[in-house]
Amino acid sequence: MAYNAGRARGALIFDLAVLALCFVGFYGNECGLKPFAAAAFPDSPATYLAQCHLNDFLGGAAFLAYTNLLLDLVRSDMRIRRLATSLVYLFFCGLFWEYAAPLFIRASTADPLDLVAYLAGAVVYWLAGLPLRRRLRGHSIERAAG
């Protein structure tokens, strides 16, 4: 595991940073944005999005970061790198969270827009990782050539 962590150092740092940003974003939304938006703009679409879907958006990015963090520690060649793979993975995870979880958790309700929010989080995670993937690709090309 230490060998894999050393090889995937840049990716691990990226995923830890994404997880930290999502954590801060979640608690910022829960403790600051939701109460402020509800008081200042009670019926606005932005308030609705902050209250109902922002945490799901952050959860989509955080779940991909967490998954890739674990994969990098065990088998970095299995890291989810492609947008299509990310979307399919989170789509099926989201189907479970939105449609299977309510069968077991009474407070949970199915919301198809949450599924869209998870997928939007996956897109932003993938876009944020583009510079890292380019840099890592450059290193592997340099190693192969040199």
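With viscosity set to 1.306 mPa s at 10 °C, what whole-number translational diffusion coefficient in µm²/s follows for the chain from Stokes-Einstein and a Kirkwood radius over Cα pairs? In µm²/s, the coefficient is 95. Hull volume per residue, based on the alpha-carbon atoms of the stretch 32-86 and their convex hull, is 76 Å³. Normalised by the number of residues in the chain, the average gap of Cα pairs under 8 Å and 6 or more apart makes the relative contact order 30 percent. Average accessible surface for the chain: 63 Å² per residue, computed with a 1.4 Å probe over protein heavy atoms with every protein chain in place. Only protein atoms count toward the accessible area here, which uses a 1.4 Å probe; on the chain, the carbon and sulfur part of that area reaches 70 percent.
The values are calculated or read from the model by the stated rules, or taken from the named source; none is laboratory data. Keep in mind the model is a prediction, meaning the values are calculated, not measured. All accessible areas refer to the heavy atoms of the entire protein, side chains included, with ligands and DNA or RNA removed. Shrake-Rupley method; radii C 1.70, N 1.55, O 1.52, S 1.80 Å.
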